[in-house]
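Asks: Sending over a structure as structure tokens; questions will come in a sec.
The values are calculated or read from the model by the stated rules, or taken from the named source; none is laboratory data. Worth saying up front: this structure is predicted, and the values here are computed from it rather than measured. Counting neighbours? That spans all protein chains shown, and the Cβs are built from the backbone with ideal geometry, glycine included. SASA here: full protein model, heavy atoms, side chains in, ligands and nucleic acids out. Shrake-Rupley method; radii C 1.70, N 1.55, O 1.52, S 1.80 Å.
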Number of protein chains: 2
Amino acid sequence: MLPLKSVALLLVLLASAPAPDEGQWLPEQLLAMDWEALRARGLELTRDEFWHPEKGGILSATVQINGCSAALISPEGLAITNHHCAFGAIQRNSTVEKNYIEEGFVAASREEELPAHGIVLRVVRKIEDVTAEVHEAQAAAKTDLERYQAVQQAQERIAREAEQSAADTECQVSSFFNGRKYLLYYRTRIPDVRLVAAPPRGIGEFGGETDNWMWPRHTGDFTLLRAYVGPDGKPARYSKQNVPYQPKHWMKVSGKGVKEGDLVMILGYPGRTERYLTSVAVASRQENQFPARLDIYTRLIEVMEASAAGDPERALAISSTIKSLANVQKNALGMVKGLPRNEVVRRKLEEEQEFSKWVAADPERNARWGTVLDELLALDREAAVFETHDLVLGTLLRYCPLVSMVMDLCYAAEEGAKPEEDRDRGYSDRQNRRRRRGFASPQVSGDLETVEKPVMGIVLDHSPALPEGGRLGGFDDLAQGSSDVGAMIERLYGESEMTDPEARVALFDAGFDAIRESTDPMVVFARGLASDLRRTRLRNRASAGRRLVVGARWIEAQEAWRGKAFYPDANSTLRISVASVKGYSPFDGAWYVPHTTLKGVLAKNTGEPPFNSPPALLAAARQDLGRFASPELGDVPVCFLSDGDTTGGNSGSPVINGKGELVGVNFDRVFENIPGDFGWNADRSRNVSVDLRYVLWLLDKVMPAPQVLKELGF
Amino acid sequence: MLPLKSVALLLVLLASAPAPDEGQWLPEQLLAMDWEALRARGLELTRDEFWHPEKGGILSATVQINGCSAALISPEGLAITNHHCAFGAIQRNSTVEKNYIEEGFVAASREEELPAHGIVLRVVRKIEDVTAEVHEAQAAAKTDLERYQAVQQAQERIAREAEQSAADTECQVSSFFNGRKYLLYYRTRIPDVRLVAAPPRGIGEFGGETDNWMWPRHTGDFTLLRAYVGPDGKPARYSKQNVPYQPKHWMKVSGKGVKEGDLVMILGYPGRTERYLTSVAVASRQENQFPARLDIYTRLIEVMEASAAGDPERALAISSTIKSLANVQKNALGMVKGLPRNEVVRRKLEEEQEFSKWVAADPERNARWGTVLDELLALDREAAVFETHDLVLGTLLRYCPLVSMVMDLCYAAEEGAKPEEDRDRGYSDRQNRRRRRGFASPQVSGDLETVEKPVMGIVLDHSPALPEGGRLGGFDDLAQGSSDVGAMIERLYGESEMTDPEARVALFDAGFDAIRESTDPMVVFARGLASDLRRTRLRNRASAGRRLVVGARWIEAQEAWRGKAFYPDANSTLRISVASVKGYSPFDGAWYVPHTTLKGVLAKNTGEPPFNSPPALLAAARQDLGRFASPELGDVPVCFLSDGDTTGGNSGSPVINGKGELVGVNFDRVFENIPGDFGWNADRSRNVSVDLRYVLWLLDKVMPAPQVLKELGF
């Protein structure tokens, strides 16, 4: 245990700490901060106005829609999120005649609001700490794998029980600090969400891939939705009879904007960060994972583009696939460039040395945490062996459907040979019968020549470089000691019967013994892959179970060492980032200012996608700046920068001023901040928001929606 | 004449005008400025300290070396200019064993200073106004061509007479404002210049083509030279007995640098600007000349690079050619992008309308200037027809030596048929005999297949688009109504005897009548080109003669209309630009700060050219910032921006602070300022200088030259 004096000191430190701009804080953590320091920076809300664990507060107006965040901004259930978060719903409402993606959409009245099928809106009502209960469940576990499973089951059980206790409630238990803390979230789930207004692609996606992850930015990345409930006020599936949802809390929209230096808070549901990694783990990502990912995704894009050469229909069909590949590729590029630049590994190493000295200096500390760093480093070294392996295997499973199917055939046949109760989930007799129908389908890989084989080439190119313990299962059998990838592919597809559906069904029916004895090159390879996948799954679960012990102690030791509050890694739960409107230096000799303006839109506009501003915008920008222009900038602000701590999942996050009014909608972060997932950096961690004044100007001048402006109080 | 009141008003305006940051002012103009306003900005020098038309001043330390500027910075004739200005001299001193380009050079003592053969240093001693004399000479001319010739002859005569009046003096008469003013320059010409210190290419050319015309910049673009004279103190050819030149005026070097907002002056010999063009002239350059130039130079670079593929020796030999082509190409790109962005044509049009209204509003003005704008526009419309023609013809003459030679053969034969006294200069019998020997040389175009034919392809591609009156002579005969360039080239080179030296000599000997009757395709084409060249030369002279009248009246009218002093277009004479250290916004959302630092060098360094910092620099930058670091920046400043008005020829220009001390050496301007040749722009006109603190730090820590630092007072 910590000496009492240290504990007391720690509590004092926690209570008096001013909220730093680094951190994706839990609501309870923010309430524990030095509120006076926040008031000095411009916060006017009281703790209770901001958030009460039982009653909610302005923070409750921050909702989750699918993988994104959003804000409720009127008493009539109006919500704002990013255009890219609502993209699917806009697309599903579009036809060739009414193409809302290209043309944009504005509902002239409530009746015209379109069902945004596929979008579900979740409002957090209450948060409870259930750490003790989960820890109790895990105490009896004897192995890492048992521990992992016990915790999974406890989280599931607690959530289901809580759902019984309240009507119209969806519950979830989330784990923090490698299982050091568990919180139970009570949420209202609203499945009837409608489309109110979305800008044309030439605004909502202005700049496209070119500007993605970049500053300066000129994207009007917003869409307005409305939540509907049954006439009784309770969540209900879509129905004409449904009425607008009346939230307990909603945010007022400000038309006044923020200036450089102003306090802002970014509220939302960040998805995933890895801030407490060891030097070994970051080094492995920097040296192995991200370079491999960059190469693989660059080549995947080339394969996809080549597969659609001269085929405009296919080009259209795969455009969103390419968009998402390009997003991962640019992220990987940012990591490859930014991790060394930020010297994350060096800093981690220095910290680990300091930490080790601090532990060694005190017998009590030594007894408690003397081994924790070494244990964690050992886990990370083990994980490093498999990091690129998992990426390569994942690429194969996703883009080589024929080989993946044969691998699944091998896996299912092996499971099928066991009694049903001993099998992995998903391999019951009933499920295997459905699988068998799939094996019989002639059309497994429609793009065998143009996609599967080239991607297999990428996979096989990367396989020889995988470290000894982390080779791809089946690869050595396929390679037969040669490095001629062309020959491997020829053997794999040219000498296999598995391209024939009947042969696949016959093999499956023949059972696992037949598979084990097969010399068909694809079966041999797939058999190896199936064993590999089995080992990978078990290894990952056991590793997660081990980390529930070691990782939690690591955080505990870190808190004791640093004597400060820690925010947990992002895990798609509700968080708060405290920030300032602030520019940054992308490189020596340059400073990025924190606002862009309509002038910049005009300068970027080429008339061709992704820089094709609609004529209505061009006309209004030249003639009619109107009431939402900033006097300081002499123009309508378009986007702004702040040093918020954000990541994926913060898309659509409300950005509020000190009064709790909405001033922006977060939608990206800057290129130099891509490695921010591994560590916040005061000089370069900047998030990008669309300025609410731009949204209001668009609703006023370009895609007129007077009824919406009225509802928002303008 | 102007009404007296206007003249008086004008003089008042001139005398009291504060020196604006726009303008490449003549020394006499700067002396006429509001000196108090300059003192308020930080100038501490008196008028006499700065410049006296008879006695000189600090400005006299600004010297000219070949096409560049330089500064005398010690009483022992030490001079500083750009690395790229001294490049040829460094190269000529280099061998494979002692490669001063790659390794840099520092003379450990005076004895080790190397002759910089090819470099001549010129010091302006005195300037006289000779306008009346030239105007008198031109008064009798009856035609535009006569006027042109009379002025040329008068300038030549006055200069030669002045040279007789003083020993060791070189004189030149320069024309300003289209011949509205003529100044006679007395200069000391010093032919013995030596190399004192030059950084390695990895400093002096750091960033290479990539960074050329760009900010942020990290180039240490400087070289130290020393002027030598005979033991009697008079200019002399190189000799071991020569001694360091002791200039009457030299600049003190400051180690303290300048900060954002500080006054600086850029002194030097800007080469060519066109600030007083009409809307028609700028539009023609924007729409015709620069796009054609961009295309031609882009393709010339491709041809050159392809011609050296797989041949490293040739690649090395043509690297400086490619460098200079790339420089023109990037300039053209800057024009193509920047002229529309700066809306130069629109502004010119508006000004011309305003001017026309002002003239029309007053009968006296109308009588005097009622037709001047129309006359000028008519001249510019005529010139526009030939603008791209001249570019295309020039490309052919420069890069297609065989066809050029045959064209010269035709031209010379036609001249040769006249009595010697009626011929164009350069076509005497003696000169034609030398020519004939050239025609007999077998090795005219060593790169016929790899360079001449591809370049001819570029020329012929551009020919059909030339306007009706400005077609390339001989093209229609060659094209024979087809647009098949491949076929034209096949005909031109494949069906001609002119590839055979004996056939060329025989044709030349046969005389002009034989040429006129030849049906050899290359002779037919070359005959057309020769007539074209003849017409082009005459047209350009006549046009220059016409502009001596119209252009001068245009400036006069402009002065009367605007009521302010005008600076003349750059013409390689000594000028002063008054400026401030200042950043700029290259695009919406970004601000370029006015200083770069060593940190930026380290960030750009890749170890590969052009970003290969020498190891000594890397080591010193990491460990030893020393006494020349800026406390404000916490680093050694490398380059800085100011809003100086500069152009080509300002390379090597001294940049002085308010005390007249050297703080920088100008070497480039920013990409957004390329169209500055057509009009200064307060938002984007920025010149780039190497910070003297970087130079001193390099001489202190990286390429140690303690004796030089001592000579400079450190």
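Asks: Using DSSP to define loop residues, name the GluC sites (Glu not before Pro) in the range B:65-165 whose beta-carbon has at most 12 other beta-carbon atoms within 10 Å.
Replies: Of the GluC sites (Glu not before Pro), the ones in loops of the range B:65-165 whose Cβ has at most 12 other Cβ atoms within 10 Å are B:97.
Asks: Excluding same-chain residues fewer than 8 positions from residue A:564, which aspartates and glutamates have a Cα within less than 12 Å of its Cα?
Replies: A:556
Asks: Still on this model: If you put +1 on each Lys and Arg Cβ and -1 on each Asp and Glu Cβ, how big is the dipole of the range B:26-72 around its Cα centre, in Debye rounded to 20?
Replies: Result for the range B:26-72 is approximately 120 debye, rounded to the nearest 20.
Asks: When you count, for each residue, the other Cβ atoms within 10 Å and take the mean per peptide, how do B:693-701, A:466-474 rank with the highest first?
Replies: Ranking, from highest mean packing down: B:693-701, A:466-474.
Asks: What's the carbon and sulfur percent of the range B:180-227's accessible surface, probe 1.4 angstrom, rounded to a whole number?
Replies: Carbon with sulfur: 47 percent of the solvent-accessible area.
Asks: Taking H as built 1.01 Å from N, whose amide H comes closer than 5 Å to the amide H of residue A:223, not counting residues under 5 places away?
Replies: Under 5 Å from the amide H of residue A:223: A:81, A:82, A:83.
Asks: With each run of n ≥ 4 DSSP H residues scored as -39500 (n - 2.57), what mean residue ellipticity at 222 nm is computed for the protein assembly as shown after dividing by its residue count and rounding to the nearest 500 deg cm²/dmol?
Replies: It comes out at -13500 deg cm²/dmol, rounded to the nearest 500.
Asks: Where the centroid of each part is defined by its Cα atoms, how far is the range B:279-319 from the range A:619-656 in Å?
Replies: Result: 42 Å between the Cα centres.
Asks: Next question, about the same structure. Starting from the alpha-carbon convex hull of the range B:173-233, give the projected area averaged over all orientations, in nm².
Replies: Convex hull of Cα atoms, orientation-averaged projection: 7.6 nm².
Asks: Next question, about the same structure. PRE reach from residue B:619 (point 7 Å along Cα→Cβ): which of the range B:688-706 fall under 20 Å by backbone N?
Replies: B:695-706
Asks: Give the distance, in whole Å, between the Cα centre of the range A:384-446 and the Cα centre of the range B:232-275.
Replies: Each part's Cα centre sits 79 Å from the other's.
Asks: Using Cα pairs under 8 angstrom and six or more residues apart, how large is the relative contact order of chain A, in percent?
Replies: 24 percent
Asks: Spelling out what I want: for every residue of the range B:93-102, take phi, set θ = phi - 60°, compute 6.51 cos²θ - 1.76 cosθ + 1.60 (Karplus), and round to whole Hz; glycine and proline get x.
Replies: Result, ordered by residue: 8, 8, 10, 4, 6, 10, 8, 5, 5, 6 Hz.
Asks: Given the pairs B:240/B:710; A:701/B:357; A:599/B:604; B:330/B:357; A:256/A:599; B:323/B:453, which are separated by over 29 angstrom at their Cα positions?
Replies: A:701/B:357; A:599/B:604; B:330/B:357
Asks: Separation between the residue B:96 and residue A:709 pseudo-spin-labels, each 7 Å from Cα along Cα→Cβ, expressed in nm?
Replies: In this crude label model, residue B:96 to residue A:709 measures out at 7.7 nm.
Asks: Write down the Å³ per residue value for the convex hull defined by the alpha carbon atoms of the range B:494-621.
Replies: 376 Å³
Asks: Counting other Cβ atoms within 10 Å of each Cβ, which GluC sites (Glu not before Pro) in the range B:482-567 have at most 16 and sit in a DSSP loop?
Replies: B:495, B:497
Asks: With unit charges on the beta carbons (Lys and Arg positive, Asp and Glu negative) and the dipole taken about the Cα centre of the range B:89-174, which residue among B:134, B:119, B:106 sits farthest to the positive side?
Replies: Checked the options; the winner is B:134.
Asks: Then there is this: How far apart, in nanometres, would the label points at residue B:317 and residue A:120 be if each is projected 7 angstrom from Cα along the Cα-to-Cβ direction?
Replies: 7.4 nm
Asks: I've got another one for you. Averaged over its residues, how many other protein chain Cβ atoms are within 10 Å of peptide B:580-590's Cβ atoms?
Replies: Across the residues of B:580-590, the mean count of other-chain Cβ atoms within 10 Å is 5.
Asks: Let me ask another. Under 4.7 Å Cβ to Cβ, no partner at all: give me those cysteines from chain B, in residue order.
Replies: B:171, B:400, B:410, B:639
Asks: I would also like to ask the following. Find which of B:600, B:576, B:505 sits farthest along the positive direction of the dipole of the range B:470-624, computed with +1 on the beta-carbon of Lys and Arg, -1 on that of Asp and Glu, about the Cα centre.
Replies: B:576
Asks: Sorted from shortest, what are the nm distances separating the label point of residue B:305 from equivalent points in the other copies, each placed 7 Å from Cα along Cα to C-beta?
Replies: Nearest to farthest, the other copies are at 1.8 nm.
Asks: Using 15 Å as the cut-off for backbone N distance, which residues of the range B:47-71 belong to the label zone defined by a point 7 Å from the Cα of residue B:39 along Cα→Cβ?
Replies: B:47-50
Asks: Going by average Cβ density within 10 Å per residue, which order do the peptides A:449-462, A:362-375, A:414-427, A:240-253 take, highest to lowest?
Replies: Ranking, from highest mean packing down: A:449-462, A:240-253, A:362-375, A:414-427.
Asks: Right, next: Between the label point of residue B:511 and that of the same position in each other copy, find the distances and list them shortest first in nm, with every label point placed 7 Å from Cα along the Cα-to-C-beta direction.
Replies: 11.1
Asks: Once the dipole of the range A:597-657 is set up with Lys and Arg at +1 and Asp and Glu at -1 on Cβ about the Cα centre, which of A:655, A:638, A:615 lies farthest towards its positive end?
Replies: The residue sitting most towards the positive pole is A:615.
Asks: Taking both sides together, what accessible area is buried at the B/A interface, probe 1.4 Å, expressed in Å² and rounded to the nearest 100?
Replies: Separately minus together, B and A give about 1000 Å² buried.
Asks: Right, next: Could you sort A:669-678, A:643-652, B:38-47 so that the peptide with the highest average Cβ count within 10 Å comes first and the rest follow in order?
Replies: A:643-652, A:669-678, B:38-47
Asks: When the dipole is taken about the Cα centre of the protein assembly as shown, and only Lys, Arg (+1) and Asp, Glu (-1) are charged at their Cβ, what size is it in debye, to the nearest 20?
Replies: The dipole of the protein assembly as shown has a size of about 2880 debye.
Asks: In whole angstrom, note down how far apart the Cα centers of the range B:475-528 and the range B:20-93 are.
Replies: 53 Å
Asks: Roughly how many debye, to the nearest 20, is the charge dipole of chain A about its Cα centre, given +1 on each Lys and Arg Cβ, -1 on each Asp and Glu Cβ, and no other charges?
Replies: In debye, rounded to 20, chain A gives about 1680.
Asks: Just to be sure I understand the model, the point goes 7 Å from the Cα along the line to the Cβ. What's the resulting residue A:477 to residue B:519 distance in nm?
Replies: 8.0 nm
Asks: At 0.36 nm per residue, and after removing the present C-alpha to C-alpha distance, how many nm does the segment from residue B:241 to residue B:390 gain when stretched out fully?
Replies: 48.8 nm
Asks: Quick one: with label points 7 Å out along Cα→Cβ, list the inter-copy distances for residue A:240 in nm, shortest first?
Replies: Distances to the matching label points in the other copies: 11.0 nm.
Asks: Quick check for you: which residues of the range B:121-154 have the amide N under 14 Å from the point 7 Å beyond the Cα of residue B:542 toward its beta carbon?
Replies: Residues passing the 14 Å test: B:142-149.
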